[in-house]
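Visitor: Got a structure for you, questions after.
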Amino acid sequence: EKPTSEQNNINTEKKGPKMDQWWWSRKVQRDVIIDSETYPYLLVTIGTGVSIVRVDGPRQHERISGSTIGGGTYWGLCRLLTNSESFEDVIDLAEKGDPSKVDMMVGDIYGKGSDALEKLGLSANLVAS
């Protein structure tokens, strides 16, 4: 239940502005990264979709990629294609799976006994993408 107007205003800092307590309690609290060696980095969020953001510094970011397919789509497909009743069941199935059955492997591109693999220093069983 939303608080009354008397309960809404709190002072988050001694000299800072008053914040709406109900709103603030539902916002994601952020840590400030001060070390400049942390940048740049990729921030990936997965929800109903996927968003990939390059962060170059405080308030310096750019969305570089994303997809409308996310965790909800993945879970829905898993429920339709398997007898899984929980996300943990799906994770257990994935751990038992063989990625070479669904992913394109480097060996699929160059051939499993190719000299190119040795020259490139790549294993044929490495996921290509």
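The values are calculated or read from the model by the stated rules, or taken from the named source; none is laboratory data. From a predicted model like this one, the values you see are computed outputs, not experimental measurements. Cβ sites come from the backbone with ideal geometry, for glycine too, and all protein chains shown count toward neighbours. When the accessible area is computed, the model is the full protein with side chains, heavy atoms only, and any ligands, DNA or RNA have been set aside. Shrake-Rupley method; radii C 1.70, N 1.55, O 1.52, S 1.80 Å.
Visitor: Would you be able to tell me the number of residues in segment 37-59 that are open to solvent by 90 Å² or more (accessible area, probe 1.4 Å), modelled with pLDDT under 90 and not hydrophobic (A, V, I, L, M, F, W, C)?
Guide: 4
Visitor: Please work out if Gly97 is within 29 Å of Gly49 (Cα to Cα) and at pLDDT below 90.
Guide: yes
Visitor: OK, next. For the subset of segment 70-129 comprising residues that are of a type in the set (Asp, Glu) and part of a loop (DSSP other than H, G, I, E, B), which member is most open to solvent (accessible area, probe 1.4 Å)?
Guide: Glu85
Visitor: Continuing with this model, one more query. Quick one: would you say Val55 is in a strand (DSSP E or B) and β-branched (Val, Ile, Thr)?
Guide: Taking the combined requirement at face value, the residue satisfies it.
Visitor: Exactly one condition in (1) modelled with pLDDT under 85; (2) closer than 30 Å to Gly121 by Cβ is false for Gly70; which is it?
Guide: It is condition (2) that Gly70 fails.
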